[in-house]
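So the structure is just underneath, and the comments pick up after that.
We did not get these values from a lab; they are worked out from the coordinates using the rules stated. Everything quoted here is computed from the prediction, not taken from an experiment. Here the Cβ positions follow ideal geometry from the backbone for every residue, glycine too, while neighbour counts run over all protein chains shown.
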Amino acid sequence: MTTRKLAATFLILALVAVLPAPTAEALVSRADAQKELNSLGREIAILDEEYNLSRIQLTKVEQQIGDLRSRGEKAEAELQGLRDQVSARAASVYRSGIPDVLILILESKSISEFGRKMSLASRVGAQQAGVVESLEISKARAAYLDEDLQAELQKRQKITASLSSRKSQLEKRMAEQKALLARLDAAAAAKIRVAAPRPAVAAAPADLPVSGRARIAVETAYAQLGKPYRWGASGPDSFDCSGLTMYSWGKAGVSLPHSSRAQFSATKRVAREALQPGDLVFFGSPIHHVGIYVGDGKMIHSPESGENVRVWSISRRDYAGAGRPGV
């Protein structure tokens, strides 16, 4: 090797030695980054729907607790009333000076007088026994209601803890997503983010083949195009998936729960080939996503974190069925 070639070789080796090694993040392809971003978005959407369902369950438990408290207060009032009744009867017996059987025998001047006194004592005793029996039943009822109340309170605490845990998971994943976006340059982030741009016109087609409440729901959904996804949101500035469908049908006067799974249960089943604009289309197993059908094989939905409300095809592999609200 000539001196000139040898010098060139040393120069290349020296440059390689001083150049910084590529970071692990630099080795991640744009496709990998997009895949991770989309995966996070889907997980957040699923957690969001679980969160909504837990809130519905919590509301039911709160109602049960209120009912148990009301019944418990009634039972306690009944118990106190019986206690007062027993005390009053005991005082009456004491004041009347009803003697025991031996004294009745000794003080009776005749068999008939003894019979009358025994009859009186027997009646008072029977009444007293009946009140005591009612008192014991009332005590037991109040105790059982208190046990039920404590069980429901524990159930509420578990649901509340579950909600808190899910919220923390959701916030953690959202932070991971934001960190991922922050590591990308603006041009790459614009390519990776799959959020659709806000359409120039956010209005339903004039020839929409539906009328009545369904038309109002679809027109409302169209008016939300371009608004951002936000977990737990039900409008008017941002939405999660079930929040959008709840909001749209709410404007049409139909109340829906804030959960895709609960909305599936609350609507009438519709075959895919019989879909009409306004019907709700559901996805996932278990169900964790919902959109509102607008015709031509398309729906309006709020996809996931980092995306906006948009028109999209219902041709997804995880299609789970459809439901018609308000019927």
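Tell me, 78, 273, 171, 50 in order of fewest to most beta-carbon neighbours within 10 Å? Each step should come with its number before you reach the end.
Numbers: 78 16, 273 5, 171 12, 50 19.
Ordered from fewest to most neighbouring Cβ atoms within 10 Å, 78, 273, 171, 50 come out as 273, 171, 78, 50.
How much length is gained on full extension from residue 76 to residue 237, taking 0.36 nm per residue of separation minus their Cα-Cα distance? It would help to have the intermediate numbers written out before the result.
On the way: separation 161, 0.36 × 161 = 57.96 nm, distance 4.87 nm.
Working it through step by step, the gained length comes to 53.1 nm.
Can you give the extra length, in nm with one decimal, that the chain gains between residue 316 and residue 156 once fully stretched, where that is 0.36 nm per residue apart less the Cα-Cα distance?
On the way: separation 160, 0.36 × 160 = 57.60 nm, distance 3.66 nm.
Between residue 316 and residue 156, full extension yields an extra 53.9 nm.
What's the ranking of 148-154, 235-241 by average number of surrounding C-beta atoms within 10 Å, highest first?
Numbers: 148-154: 14.3, 235-241: 20.7.
Final packing ranking: 235-241, 148-154.
With no solvent and one point on each alpha carbon, what is the Debye value of log10 I(q)/I(0) for the stretch 212-324 at q = 0.11 Å⁻¹?
Each listed q maps to, in turn, -0.27.
Which whole-Hz ³J(HN,Hα) couplings does the stretch 206-212 yield from phi under the Karplus relation 6.51 cos²θ - 1.76 cosθ + 1.60, θ = phi - 60°, glycine and proline marked x?
Ordered by residue, 3J(HN,Hα) equals 5, 9, 4, x, 7, 9, x Hz.
Among 162, 315, which comes first, second and so on when ranked by fewest other beta-carbon atoms within 10 Å? Spell out each step's value before the answer.
Values: 162 15, 315 8.
The fewest-first ordering by Cβ neighbours comes to 315, 162.
Could you sort out which of 227/251; 155/268; 227/268; 74/155 sit more than 20 Å apart by Cα distance in this structure?
Working: 227/251 17 Å; 155/268 31 Å; 227/268 28 Å; 74/155 23 Å.
The pairs that break the limit, which is 20 Å between Cα atoms, are 155/268; 227/268; 74/155.
Sorted from fewest to most neighbouring beta carbons within 10 Å, what does the list 43, 304 look like?
Values: 43 18, 304 24.
Lowest to highest Cβ neighbour count: 43, 304.
If I model a spin label at residue 39 and residue 172 as a point 7 Å from the Cα along the Cα→Cβ vector, what separation in nanometres do I get?
Here the modelled spin labels are 1.6 nm apart.
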